[in-house]
Amino acid sequence: MIRISPQRGGWLEVICGPMFSGKSEEMIRRLRRAEIAGQRVVIFKPRIDDRYDAADVVSHAGSRMRAVPVTSVAEIVEHARGYEVVGIDEVQFFEPALVTHALELADRGVRVVVAGLDQDFRRLPFGPMPELLSHAEFVDKLQAVCHRCGGPATTTQRLVDGRPAPYSGETVLVGAAEQYEARCRGCHEPGVGAALAAA
Ligand SMILES: [Zn+2]
């Protein structure tokens, strides 16, 4: 993807897409390559995400890499010192200040790789992701396979008891009893109250 690497100076890479599109897997793949090249690599992830092992970034496909769980952006800044490559997973869960700090790291010469959902289950831009996308040198928007029709899925369908989740439901809810599916534009079902919110 990067044909001519800069001699010095950092940059920002964004890997985004719906759930089940392989974002974490792709980030792990890139950071492993950097490790093999002898670069100092670190991954951060929000502490909110305790789906699997608390200290690992784990993709649904099972590949894993050690990650530092953090509760705030300030912790990332503190722990990122001395690293040449900084990965941040599930960026959608961080506060807006993440953007400024990711850019500061890139300005300092760090290669910053962020991964996360670009849209929430309502298909609205998620957390700091839209700003990160506009600042990034490199953007990859991954697709999953639509659970319904097999087409390219770009959205995350949230289901509660098998039905589309109400539009006003909590956005952040990890590992709860509800279910998520990757869906294409045509198969994504807005939850009850969507029309009201759009009016
Ligand atoms: Zn579909």
Inset, instruction - Only residues in the stretch 148-165 that are at positive phi count as the first member; pair them with residues that are within 14 Å of the ligand (Cβ to nearest atom), Cβ under 9 angstrom, at least 6 apart or cross-chain, and list the lot. - result: G150/C184
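So that you can scan it fast, the table gives a plain yes or no per residue for (1) touching a Ser or Thr at 6+ places or on another chain (Cβ under 7 Å); (2) more than 16 Å from G87 (Cα to Cα); (3) at pLDDT 95 or above:
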| position | (1), (2), (3) |
| --- | --- |
| M1 | no, yes, no |
| Q7 | no, yes, no |
| W11 | no, no, yes |
| E25 | yes, no, no |
| I28 | yes, no, no |
| K45 | no, no, no |
| D49 | no, no, no |
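Using the structure shown, decide if A54 is at pLDDT below 95, within 18 Å of F20 (Cα to Cα) and either open to solvent by 60 Å² or more (accessible area, probe 1.4 Å) or assigned to a loop (DSSP other than H, G, I, E, B) (or both).
So A54 does not fit the description; no.
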Legend entry - Within the stretch 167-196, tally of residues that are of a type in the set (A, V, I, L, M) and at pLDDT below 70: 6
Legend entry - Filtered residues of the stretch 124-166 (kept if modelled with pLDDT under 95 and either within 16 Å of the ligand (Cβ to nearest atom) or crowded, with 17+ Cβ neighbours inside 10 Å (or both)): R158, L159, P164, A165
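Results for (1) out of contact with any Phe, Trp or Tyr (no Cβ under 6 Å at 6 or more places or on another chain); (2) within 21 Å of G10 (Cα to Cα); (3) buried (at least 18 other Cβ atoms within 10 Å of the Cβ), shown as yes or no for each residue.
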| residue | (1), (2), (3) |
| --- | --- |
| T71 | yes, no, no |
| I76 | no, yes, yes |
| H79 | yes, yes, no |
| V91 | yes, yes, yes |
| L105 | yes, yes, yes |
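The values are calculated or read from the model by the stated rules, or taken from the named source; none is laboratory data. What you see is a predicted model; the values in this text were computed from it and never measured. Note: ideal-geometry Cβ built from the backbone for every residue, glycine included; neighbour counts use all protein chains shown. Note: accessible area is taken over every heavy atom of the protein model, side chains too, but ligands, DNA and RNA are not part of it. Shrake-Rupley method; radii C 1.70, N 1.55, O 1.52, S 1.80 Å.
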